[in-house]
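Here's the structure, in structure tokens; my notes come after.
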Amino acid sequence: MDLLSASAVNWSRAQFALTASYHWLFVPLTIGLGLIMAIMESLYVKTGDEKWKNATKFWQKIFGINFAIGIATGIILEFQFGTNWSNYSWFVGDIFGAPLAIEGILAFFMEATFVSIMFFGWNRVSKKMHLASTWLVFVGASLSAFWILVANAWMQYPIGMEFNPESVRNEMVDFWAVAFSPVAYNKFLHTTFSCWAVGAAFVVAISGWYLLKKRHTDFAVKSMKIGSLVGLVAFVMLAVTGDGSAYHVAQKQPMKLAAMEGLYEGKEGAGLVAVGMLNPARKNYNDEVDPYIFKIELPKLLSLLGYRDINAFVPGIVDIVDGGYTLPDGTTSLSFQERKERGLKAIQALADYQVAKEEGRDADAANHEIILRENYAHFGYGYLETEEDMIPNIPLTFYSFHLMVMIGMYFILFFMVMLYFLYKKDMVSNRWLQYVALWSLPLAYLASQLGWVVAEVGRQPWTIQDILPVQAASSAISAQNVATTFILFAVLFTGLLIAEVTIMVKQIKKGPESEGLKA
Amino acid sequence: MEKEIDIAEKKYNWFTMFWSGFTSMSSMSKTLWIVAIVKLVIMFFILKPFFFPNVLETNYDNDADKAEHVRTELYEKVQPSE
């Protein structure tokens, strides 16, 4: 996207992406460190070993810095809904609002209450009460994430709602279907484990730095042991829940799966690309050009992951555009043109419904409502001009996905090696591994961000899958206004990030035995 | 009587926990509070009112008008070629 000449909708997308990316620098560390410090404090309460208490207090200080700087950065995303995405905000009605309200009232206040007990309560409340508070901070942060992810999952897999043509809103008819949709709980687990992974990589990296500096050796090794165990569990579970994600994406967002794999021509028994490079000469979805410069494929694996059948047909981009293949429910997929026609019918029916209502022609209004409902599943296609409009950015989705998976595999190996050296060998004398531990941290953050790139870029052009594309969801505002606030956010968030890193580095240099945050 | 003292003492402890926590903060904690408060002030008192008005809330008084605006937008945003 050429930002200088971008439209308001593209500026709005860029602004949302920028804000979400910055917000996501803070969240994973809050949840990941929350778990690690809760485990450490549990060990302190169980063993009475003061070293665990000191370790807990140190990581709580780091948690506190991250929490204070990062708190409420996500609210800016909600500001943007009302200003840049007002059609979307109205259209989604209470479905989006309910999870966010629960998040704000229940999870956030729970988190905030127990954070204060956790910081102020040492030696002032009982050990068990303090431990419970630390665990509840972690639970509160995770619950907070759960409700946000429920809202996000609904956009990827809209369920449990009914469209009301009178109010032009989707109204929730089944709260439990929204809250516990298979996409939502899988997304929650996958995202939560990614937070654990970032927290673990962070603890191991900082501990590696202490070992390199030959400072706080005992504390560093203790922290590394907990960090590596959490890290290994997190990355293995990321692979397991990633498999769940691939399955749901195959069923509900086949275009995203095709983009993740750079799969243009569908096939039975499709292989998973382990390593590959896309051919930039392929400009259009129906070019005859080979989409890959090279690829190493794991035979049949994509069919297995997506459809639990090694010989299943996996549709490619061309198949999804042209239609005509058999869907998992046994029906035949529609082509882009057919879906577009049905989308236009639905949009026209929505307009006609209101005219008929205003003129008192109730029978006509009822007929228009029937046409709208029959075609509602394709509503968003009416806004797309050409076939290319329904295809996300293939290189960005493909490389983000493969890089994320490669980093995930690297970390499984890394944490296994770490645990081997921590328990069977002498970690303190292995400087090369300490360097690896330190310099692996950016990879964990990168993988965490790439996961969101895959999820969000891969579902374009949809804000709500198949129902509302970005161009229909955006407000009628000027590009200049959004560009101005984009720059404001870039400055504000960069300032916050600099503050976070500066204060954190200062605290890390002081080390676990310093006074630091008394509170 | 003994129970009453316990409860009173617990109330006192909860209060002092927060009071002494806030009054004996380290310089780093104070810095963090300042950063957090400045950030929230910028967000809620500058960004929200001046740069992020709620388009529908600002321009329309009731739900029917908001719905009509969105309905019109959804209709007019269909590609001109159609």
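Before moving on, here are some points about what is shown:
- Rounded if a/c under 1.5, otherwise prolate or oblate - region B:15-65, Cα gyration tensor axes: oblate
- For region A:228-335, the spread of Cα coordinates along the three principal axes comes to 48, 35, 20 Å, biggest extent given first.
- Cα-based helix-to-principal-axis angle, A:217-252 vs chain A, degrees rounded to 10: 10
- Axis angle, to the nearest 10 degrees, between helix A:362-375 and the longest C-alpha principal axis of chain A: 60 degrees.
- Ranked list, fewest to most other Cβ atoms within 10 Å of each Cβ, for B:F51, A:F414: B:F51, A:F414
- Cα-based shape type of region A:430-498, given that a ≥ b ≥ c are square roots of the gyration tensor eigenvalues and the cut on a/c is 1.5: oblate
- Order of A:S440, A:S167 under a 10 Å beta carbon neighbour criterion, fewest first: A:S167, A:S440
- Per-residue shielding of A:497-503, expressed as the average number of other chain Cβ atoms within 10 Å of the residue Cβ, stands at 2.
- With 0.36 nm allotted per residue and the present C-alpha distance subtracted, the A:S478-A:A366 stretch has 36.6 nm of extension available.
- With the simple spin-label model, which puts each label point 7 Å out from Cα in the Cβ direction, the A:N311 to A:D287 separation comes to 3.5 nm.
- Phi angles of region A:123-133 translate, via the Karplus equation with coefficients 6.51, -1.76, 1.60 and θ = phi - 60°, into HN-Hα couplings of 6, 10, 10, 5, 4, 5, 5, 5, 4, 4, 4 Hz per residue; Gly and Pro are given as x.
- The protein assembly as shown - Rg over Rh from alpha carbon coordinates, Kirkwood radius: 1.00
- 222 nm mean residue ellipticity, helices alone, for chain A (DSSP H n ≥ 4; -39,500 (n - 2.57); rounded to 500): -23000 deg cm²/dmol
- Charge dipole of the protein assembly as shown (Cα centre as origin; +1 on each Lys and Arg Cβ, -1 on each Asp and Glu Cβ, all else neutral): 3960 debye, rounded to the nearest 20.
- Shielding by partners - mean other protein chain Cβ count within 10 Å, residues of B:23-29: 6
- Rg over Rh [alpha-carbon atoms, Kirkwood Rh] for region A:1-153: 1.09
- Sorted by Cβ density within 10 Å, fewest first, the residues A:I69, A:I347, A:I498: A:I498, A:I69, A:I347
- Amide H contacts of A:Y292 (H built 1.01 Å from N, under 5 Å, at least 5 apart or other chain): A:N279
- The HN-Hα couplings worked out from phi for region A:60-76 by the Karplus form 6.51 cos²θ - 1.76 cosθ + 1.60 (θ = phi - 60°) are 5, 5, 5, 4, x, 4, 4, 5, 5, 6, x, 4, 6, 5, x, 5, 4 Hz, whole numbers, x standing for Gly and Pro.
- Extending 7 Å from Cα along the Cβ direction at A:K128 and again at A:L298 yields two label points whose distance is 4.7 nm.
- Overall form of region A:277-343 per C-alpha gyration tensor (a/c, 1.5; a/b vs b/c): oblate
- Residue-span extension gain [A:V355 to A:A17] - 0.36 nm each, minus C-alpha spacing: 117.9 nm
- Rounded FRET efficiency, nearest 0.05, which uses the C-beta distance separating A:E171 from A:L413 and R0 of 51 Å: 0.55
- Difference of contour (0.36 nm per residue) and Cα-Cα distance, B:N62 to B:Y75: 2.6 nm
- Sequentially through region A:494-511, phi angles give Karplus couplings (6.51, -1.76, 1.60; θ = phi - 60°) of 5, x, 5, 5, 4, 4, 4, 5, 4, 5, 5, 4, 4, 5, 5, 4, 5, x Hz, Gly and Pro residues having no value and appearing as x.
- Amide proton proximity set for A:F163, modelled H, under 5 Å, gap of 5+: A:E171
- Peptide B:62-75 is shielded by partner chain Cβ atoms: per residue, an average of 6 of them sit within 10 Å of its Cβ.
- Computed from the C-beta positions of A:N279 and A:E385 and an R0 of 30 Å, the FRET efficiency is 0.70 to the nearest 0.05.
- The mean sequence distance of close C-alpha pairs (under 8 Å, at least 6 residues apart), as a share of the length of chain A, puts its relative contact order at 20 percent.
- For A:V314, residues with placed amide H under 5 Å, excluding near neighbours: A:K267, A:E268, A:G269, A:A270
- Pairwise label distance in nanometres, A:T217 with B:I37, each label 7 Å out on the Cα-Cβ vector: 4.5
Values in this text are rule-based calculations from the coordinates and carry no lab data. Given the structure is predicted, the values throughout are model-derived calculations rather than measurements. Here the Cβ is made from the backbone with ideal geometry for all residues, glycine too, and neighbour counts use every protein chain on show.
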